[in-house]
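Report on the structure given below.
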Amino acid sequence: MYNYDVTRPQFNRISDIQMPTPQRNYCVFDQNKVDFFVKRKEIALPYLSGVLSRSNDERQITETLYIVDRMIDNGTKGVDKMYPVLSRFNMTNSPNIQTFLAGIYRKIQVPDAFGPLVAMLIRNAQNPCPTCFDPNEEIGGAILAYLSDRFKGSNPH
């Protein structure tokens, strides 16, 4: 396993990130880098928040969102407190960023994220763009998760 020194330029190298193509409908990230952050859990959140607040590179943002998503799956606490940084991407037109953002929102269910998810879905329906995969699947799934969790246990009759 690599020992990343975040002060070194190769740590922030984004040239190795592979975005989806018509032949491959998923991203390829440096798994060692992903694992490095996932294992550090809450300690890594400030660094990742910094990357998300400063970066304008779709590949770097997508990779960082993927890392955050994996951290949630690994039990990292406090990701919901990153909403102010994550919300920076609520108006993005990037299907890659939308997909990972919606996946994170589905898991952390910050109430403020519901409206932006609905707006994202409406924007995409009004202005469809050809992509390697459909972000609306994840966006719609996140919206359904919000609704399902909200009405869980309520009696419909």
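The values are calculated or read from the model by the stated rules, or taken from the named source; none is laboratory data. Everything numeric here is computed off the predicted structure, so don't read it as measured data. Here the Cβ is made from the backbone with ideal geometry for all residues, glycine too, and neighbour counts use every protein chain on show. The accessibility values were calculated without ligands, DNA or RNA, using every heavy atom of the protein model including side chains. Shrake-Rupley method; radii C 1.70, N 1.55, O 1.52, S 1.80 Å.
Here are a few things to note about the model shown:
- Within segment 107-140, considering residues that are at pLDDT 95 or above and of a type in the set (Gly, Ala, Ser), the one least open to solvent (accessible area, probe 1.4 Å): Ala113
- Screening the candidates Gly115, Gly103 for the property of being over 15 Å from Ala44 (Cα atoms), out of contact with any helix residue (DSSP H, G or I) (no Cβ under 7 Å at 6 or more places or on another chain) and among the small types (Gly, Ala, Ser) yields one hit, Gly115.
- Test: residue in segment 107-129 that is closer than 17 Å to Cys27 by Cα and assigned to a loop (DSSP other than H, G, I, E, B): no
- Scanning segment 26-59 for residues that are within 18 Å of Met91 (Cβ to Cβ) and open to solvent by 20 Å² or more (accessible area, probe 1.4 Å) returns Ser53, Arg54, Asn56, Asp57, Glu58.
- Selection count where residues are of a type in the set (A, V, I, L, M, F, W, C), out of contact with any Ser or Thr (no Cβ under 8 Å at 6 or more places or on another chain) and crowded, with 17+ Cβ neighbours inside 10 Å, scope segment 69-106: 7
- Condition met for Asp73 (of a type in the set (Asp, Glu), at pLDDT 95 or above and within 22 Å of Met19 (Cβ to Cβ)): yes
- Residue within segment 115-132 that is touching a strand residue (DSSP E or B) at 6+ places or on another chain (Cβ under 8 Å) and of a type outside the set (D, E, K, R) present: yes
- Residue match in segment 1-16 (condition: modelled with pLDDT under 95, in a loop (DSSP other than H, G, I, E, B), closer than 28 Å to Asp134 by Cα and touching a Phe, Trp or Tyr at 6+ places or on another chain (Cβ under 9 Å)): yes
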